Amino acid sequence: MIRPKRLGMTIAHRAAILVYVAFALFPLYWLVKVSVTPNDLLYSEGVKMWPSRATLDHFAFVLEHSDFPLFFRNSMIVSVSTAFIVTILSSIGGYALSRFTFRGKFWIVGLMLLTQMFPLVMLIAPIFKMLSPLGLTNSLSGLILVYVAFNVPFATFLMQSFFDGIPKDLEEAAMIDGATRFMAFRQIILPLTLPGMAATLGFVFTAAWSELLFALMLISGVDASTFPVGLLSFVSKFSVDFGQMMAAGVLALIPACIFFLLIQRYLVQGLTAGAVKG
Amino acid sequence: MASIDITDVRKAYGSTKILHGVDLTIKDGEFVVLVGPSGCGKSTLLRMIAGLEDISSGEIRIGGRIVNDLDPKDRDIAMVFQSYALYPHMTVADNMSYSLRLRKTAKEKIASAISGAAAKLSLTPLMERRPKALSGGQRQRVAMGRAIVRSPKAFLFDEPLSNLDARLREHMRGEIKKLHQDLGATSIYVTHDQIEAMTLADRIVAMNAGLVQQVGSPLDLYDRPANLFVAGFMGSPAMNMFEGTYRAANGGTVELAQGVVVPLAGPAPTADGTKLTLGIRPEHVLVGKTGLEGIQALIDLVEPTGFGTILHASAFGADVKAFSLERGVAVRGDTVSVSFPVERIHLFDTATGSRIG
Amino acid sequence: MTEAVSAQYGRDRRPFLRRLAIASEPYLYSAPALILIVTVMLVPLAIGISYAFRDMTLLDPFSGGFIGLDHFRAIAKDKTFWLALKNTVYWTGYSVALQFAFGLILALLLDKPFYGRGLAQALCFLPWAVPSFLSGLNWAWMFNPVVGPIPHWLYGIGLMSAPDNILSDPDLAMWGPIIANVWWGIPFFAITLLAALQSIPRDLYEAAAIDGATPFQRFRSITLPFLAPTIAITVMLRTIWIANFADLIVVMTNGGPADKTQIVASYIFTQAFRRLDFGYASAIAMVLLLLLMVYSLLIVFLRQTLLKER
Ligand SMILES: Nc1ncnc2c1ncn2[C@@H]1O[C@H](COP(=O)(O)OP(=O)(O)OP(=O)(O)O)[C@@H](O)[C@H]1O
Ligand SMILES: [Mg+2]
């Protein structure tokens, strides 16, 4: 009796998943489609699901004749460094917020919340003025510094919620077993938060990888341009060569996707350890 | 092994006082059980001994050495948590050997220590499992194993059995007792469970509201409770308590409500007219047919426990509980006579709560 | 009171250095993050706020003087600002509501174990890995009837009378960035909600099922209450974030047509980088900051009262 109803539910469930996967992937498919369409077919076959002729010319051009590999390298350096630095800083900061009660904690949390509330655009001119005498405006280090600061508050809250999810008993047991607080942190707490740290790493990496505004404002030379800035340069340099731009976009998506696929397993697992508690 | 001396220990969180001066000496090899209602500060005291909480004032010595300023790791004690606090990412063997590895004990020594402990607790087939893959009872045994591998100066237990079902709890209670007899280690054990307290303890420490109420052997506390709190806390079903007035005439009697007079074994060391509370344990209340000497009572409720019968009767406007090993003593609606044997009566000063005589 | 306690309860007798070390531990741990936040965010924020009271136009050597509240008076009379404020509510409201609704559905779908769940999950979360402006460009492309399929589909199913670009239709233009935003932001909600869902003890559902609760009743009486804290905090943070999120709009419509898609954040961007008027941009940003603070205080307050009533 229950069977047909169950079966119906299962089919509906799978169908819903398929619909969503299609919705999620279609724009990415379109990106790929445009990137392999030869220029002469770009408009004439613009709405076709697949061009009558596919070509990898755009990719070849981007890889061989543009500064894209350089942008790509810069973006990698900036995003990976930002992700690692933020993860480390937010781990120790989140640990302090989770495990200690101390004077001023309320204000620290308040300040960190405040940083989440205003348009960052407002900071561009002041930051530019502060960084340029230090020689940090046209450099990757300056960009990393800014990205780290922007991402640390949210990451710290996230890490705090992971630490909150780990019972205090475990640390105390370790300390009674003969560990110092630091050893308890390193040997007991850290291994248990690895998924959470992977999640944080992922959040921050994707954020840094796609940041455009500050990269655009703080960097003026090609040497230190990140990939989003480089992508915009296609617009002016080649009078909007969409094929090449999309090809560059597809290439840039590859590492982000690989990274994301690697960590997405931890994202859910990591968040489960503490969930985002209120 | 070592003795533990606690001298005038106080604890306050900000302006909230939790412990108001605890004095306690635990002899080498002794098994002491801390009992008391929820929130009275048992865990706090235990955690102060372990070094997990700061000591606001007073002194704690382990083996004669003041440990107030020592970190938990330097106190050489072991603790079994209510939640067990097993390290989820380590196998049973690693959980048990962690403390020895931290102390850089030689590999062979570690191996022999954990295999010994595993054998004692029948954990040998589980050594390579993670805590997640263990049952509650097995986890509990691992927590015990983790404590015993390194032969610490003292064991601290904070309600270690409260997450187990009744049968397993009974079994583990026996195991802990045996373990203590084997190792002879100084132990402090916090529990809510009367039977655990009575069966395990060399001495029981009854606490209430941050103060030690009485320290003594289990039977001491049961037979001669020092005050109303201990009298009411120890024993199940709980002791009957009736308020009355002391009359020195006729060799000493207590006048209860509705003019009921209960004779005492002899004059009590208190003034005539003192308000006092008469206590008698349900198993000591005698229940008989009416007409016999005693107080008229009406049976309200009969609770057979299998082991015996609990009778609830109303007399002189109070509820009198009686426990009898026999069955079919009375049924609901019966009128019976109850009497209180003089040698079983406890007297407490109602105003101060402390024991008289 | 406190003094009496410390007198009776004695002083800490540990050596001074040790006490110092213990007391400073949490500060040491949070210091690096804090110093960065203060120097790279709060100090610039303070400077930025000061711009709001100054005549700050980049490339104009005569600017920089204090002008008091002039910018704020100008804002009060600025029609575009008020339109942008209205649009911000529209943009934020629809984006958050749709992201949340679809995120919740997706999380519920993925919460059930099935063959290939890992892969489905990975694919569903993929949009998040796409840089926001790239997804903006791509969606703009897809909305374009010459090179994108969407207008033709909408025309095909009768939703549009002709396959036109909705981004150039003043009444519909806002839906372009909203759809792109929803596509891009669903994973964030799905991930957080899925994580919260998976931390609900299974036996609660079993108990409810035995009690005779229908799936919908179980959802209402178990799932929702358990998710409530996560929902509250993520919706609040996301709302603030989206209200400040101008990338998609700048890339897809640049505020047009006729400012119909201009939100406050994109208006600030335009003021700062098209007109280089940082003073005015900062003043608008301050207004937005104040509004968002009021909003979050309201939410926090509501949450507290709701929690108390429980
Ligand atoms: N960090 C703290 N701050 C303030 N008060 C606390 C703190 N920790 C414990 N308390 C209070 O101290 C009192 C004693 O707590 P404790 O945990 O010692 O009780 P307990 O006797 O172990 O109770 P239980 O039997 O329920 O475990 C309680 O009233 C508790 O609320
Ligand atoms: Mg306790």
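Observations on the model:
- Taking the 1.4 Å solvent-accessible surface of the protein assembly as shown as the whole, the part contributed by carbon and sulfur is 62%.
- Label-point gap, in nm, between B:LEU301 and C:GLN198 - each point 7 angstrom along Cα→Cβ: 4.9
- Note on C:LYS260: lysines with a C-alpha under 26 Å away, same-chain residues under 8 apart excluded, are C:LYS77, C:LYS79, C:LYS86.
- Fluctuation leader among A:VAL47, A:VAL21, A:VAL204 - chain A, Gaussian network, Cα springs under 10 angstrom: A:VAL21
- Partner aspartates and glutamates for B:LYS107 [C-alpha distance under 15 Å; skip if fewer than 8 residues away on the same chain]: B:ASP94
- Average projection area in nm² (convex hull over Cα atoms of the stretch A:65-277, one quarter of hull surface): 13.8
- Buried accessible surface for the A/C pair, both sides summed and rounded to the nearest 100, is 7800 Å² with a 1.4 Å probe.
- Judged by the mean number of other Cβ atoms found within 10 Å, the most tightly packed of the peptides B:115-127, A:168-180 leads the ranking A:168-180, B:115-127.
- Efficiency of FRET from Cβ geometry, C:VAL38 and C:ALA101, R₀ 35 Å, rounded to 0.05: 0.40
- Expressed per residue, the C-alpha convex hull volume of the stretch A:1-55 stands at 83 Å³.
- For the stretch B:55-81, heavy-atom accessible area (probe 1.4 Å) falls by no less than 30 Å² from the chain alone to the full protein assembly at B:SER56, B:ASP69, B:PRO72, B:LYS73, B:PHE81.
- Shielding score for A:147-154, defined as the mean number of other chain Cβ atoms within 10 Å: 4
- Cleavage-rule hits (chymotrypsin sites (Phe, Trp or Tyr not before Pro)) in the stretch C:46-120: DSSP loop, at most 11 neighbouring Cβ within 10 angstrom: C:PHE62, C:TYR115
- Choice from A:SER79, A:SER98, A:SER225 with maximal GNM fluctuation in chain A (Cα, 10 Å cutoff): A:SER98
- From most to least packed by mean Cβ count within 10 Å, the peptides A:112-124, C:186-198, B:33-45 give C:186-198, A:112-124, B:33-45.
- The accessible-area ordering, largest first, of the residues A:LEU111, C:LEU134 stands as A:LEU111, C:LEU134, per a 1.4 angstrom probe.
- Annotation for B:LYS178 and B:ASP54: the two label points, set 7 Å from Cα along the Cα-Cβ direction, are 4.5 nm apart.
- Averaged over peptide B:102-109, the number of partner chain Cβ atoms lying within 10 Å of each residue's Cβ comes to 1.
- Note on B:SER135 and A:PHE23: the model spin-label points, each 7 Å out from Cα along the C-beta direction, lie 4.7 nm apart.
- Once the C-beta distance of A:VAL222 and B:TYR13 is scaled by a Förster radius of 56 Å, the resulting FRET efficiency is 0.40 to the nearest 0.05.
- The mean count of C-beta atoms from other chains within 10 Å of the C-beta of residues in C:68-79, rounded to a whole number, is 0.
- In the stretch A:98-140, the trypsin sites (Lys or Arg not before Pro) that fall in loop regions by DSSP, at most 10 other Cβ within 10 Å: A:ARG103
- FRET efficiency estimate (nearest 0.05) - Cβ-Cβ, A:PHE102 to C:ARG275, R0 60 angstrom: 0.85
- Using the 1.4 Å probe convention, the accessible area of the protein assembly as shown works out to 44 Å² per residue with neighbouring protein chains retained.
- Residues whose amide H comes within less than 5 Å of that of C:THR261, counting only those at least five positions distant or on another chain, are C:GLY256 (H built at 1.01 Å from N in the peptide plane).
- Interface residues, the stretch A:165-179 - accessible area loss of 30 Å² or more versus chain alone, probe 1.4 Å: A:ASP169, A:LEU170, A:GLU172, A:ALA173, A:MET175, A:ILE176, A:ASP177, A:GLY178
- With contributions of -39500 (n - 2.57) from each DSSP H run of at least four residues, the per-residue ellipticity at 222 nm computed over chain C stands at -21500 deg cm²/dmol.
- Amide N of the stretch A:61-98 lying under 20 Å from the label point, which is placed 7 angstrom from the Cα of C:ALA31 along Cα→Cβ: A:85-98
- Straight-line cross-link partners of B:LYS289 among the lysines, defined as a Cα under 28 Å from its Cα and at least 8 positions apart when in the same chain: B:LYS321.
- Backbone HN-Hα couplings from phi across the stretch C:219-233 [Karplus 6.51/-1.76/1.60, Hz, Gly and Pro as x]: 4, 6, 8, 10, 4, 4, x, 5, 7, 3, x, 4, 4, 4, 6
The values are calculated or read from the model by the stated rules, or taken from the named source; none is laboratory data. Everything numeric in this text was worked out from a predicted model, so none of it was measured. Cβ atoms come from the backbone with ideal geometry, glycine included; neighbour counts cover every protein chain shown. The accessibility values were calculated without ligands, DNA or RNA, using every heavy atom of the protein model including side chains. Shrake-Rupley method; radii C 1.70, N 1.55, O 1.52, S 1.80 Å.
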